[in-house]
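For reference, the structure discussed in these notes is given below.
What follows is calculated from the coordinates using simple rules that are stated; it is not laboratory data. All figures in this text were calculated on a predicted structure; none of them were measured in a lab. When we count neighbours, we look across all protein chains shown, and the Cβ atoms used for this are built from the backbone with ideal geometry, even at glycine.
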Amino acid sequence: MLKIRSLALLPLLLATATASAQHGGDLQAQIVYAFETEDPHQLADLIQELRTQVKSGGADSSLRYHLAHAQYRFGRLVGQNRPHEAESAFADCVDQLKAVLEQDVKSVEAMALQSACYSELAGFRKIEAVILRSRAADRLNAASKLAPRNPRVVFLSATDGLTRASPGSEQRQHAFAQLQLAAQLFEQSSSTSPDAPGWGHAEAYLALGREMESRGDRLGARNWIEKSLIAAPDFKAAQRQQALLLAH
């Protein structure tokens, strides 16, 4: 009898799991779209909605991850004009992901995103900057050891390297090679993933296009910027970059 009841419940459990995955995918798509279209108001609304769900007891790892991701995107959008709000968003991102990592110490995606938030937070907390950047590096190195071909991990490593390296240096060449690898890995992965993080495609393609343009490869730059817009037609940063490229 117990076995029959368990089998009878299976369709309901599968339906619940599918609905949860679809909801997660919807949240991810909304967060990414709001960032790409540079809509901080939409991100603020999503953050408030997710905070409410977390406080009401729905604080599972995926929900906290989405909240941290939304805070990361919000901070990046408002950083220049609203620094205090950006700093708070990055700090909250770090804290949400601490809770995720307490549940799963080997969550590569949580490590990678927390690394990005630590790195961004360092730009606002000058006294703590060295410690925060060290934590960012530790998280990213740990994620890289666990999943060396995770496209987001490789992309974040590449962008960090490009930020730190001097033009023409060996370090910058290594970071450029990492960025090329990240773009290739993104091309091989799905751009949409309802039950797991799948963001970064359009950003990686745009970053590679910008780096190629800085190296004088205008054709390569145009191709990757166009790929960025294929992946995200409303990506305003890519639209601006394409316009600048075509204007010269």
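Values for this structure:
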{"quantity": "Residues Asp104 and Leu244, FRET efficiency given R0 of 41 Å [Cβ-Cβ distance, rounded to 0.05]", "calculated": "0.45"}
{"quantity": "Matching label, mean projected area of the Cα convex hull in nm² computed from the structure shown, candidates (1) 13.5; (2) 14.4; (3) 15.6", "calculated": "(3)"}
{"quantity": "Count, lysine Cα pairs under 27 Å in the stretch 54-179, 8 or more residues apart or across chains", "calculated": "6"}
{"quantity": "Order of Val108, Val130 under a 10 Å beta carbon neighbour criterion, fewest first", "calculated": "Val130, Val108"}
{"quantity": "With Cα atoms, 0 to 90° folded angle of helix 201-214 axis to the chain main axis", "calculated": "10"}
{"quantity": "Nearest 10 degrees, 0 to 90: helix 83-103 Cα axis against the chain principal axis", "calculated": "50"}
{"quantity": "Euclidean distance between Cα centres, the stretch 175-248 to the stretch 56-134, Å", "calculated": "24"}
{"quantity": "Burial ordering of Asp60, Asp160, fewest other beta-carbon atoms within 10 Å first", "calculated": "Asp60, Asp160"}
{"quantity": "Over the stretch 100-201, relative contact order from alpha-carbon pairs under 8 Å, at least 6 apart, %", "calculated": "21"}
{"quantity": "Average Cα contact separation per residue, the chain, under 8 Å, 6 or more apart, as relative contact order %", "calculated": "15"}
{"quantity": "Pairwise label distance in nanometres, Lys126 with Gln48, each label 7 Å out on the Cα-Cβ vector", "calculated": "3.4"}
{"quantity": "Exposure proxy ranking, count of Cβ atoms within 10 Å, fewest first, for Ser62, Ser115, Ser157", "calculated": "Ser62, Ser157, Ser115"}
{"quantity": "Helix-only mean residue ellipticity at 222 nm for the chain, each DSSP H run of n ≥ 4 adding -39500 (n - 2.57), per residue, nearest 500", "calculated": "-26500 deg cm²/dmol"}
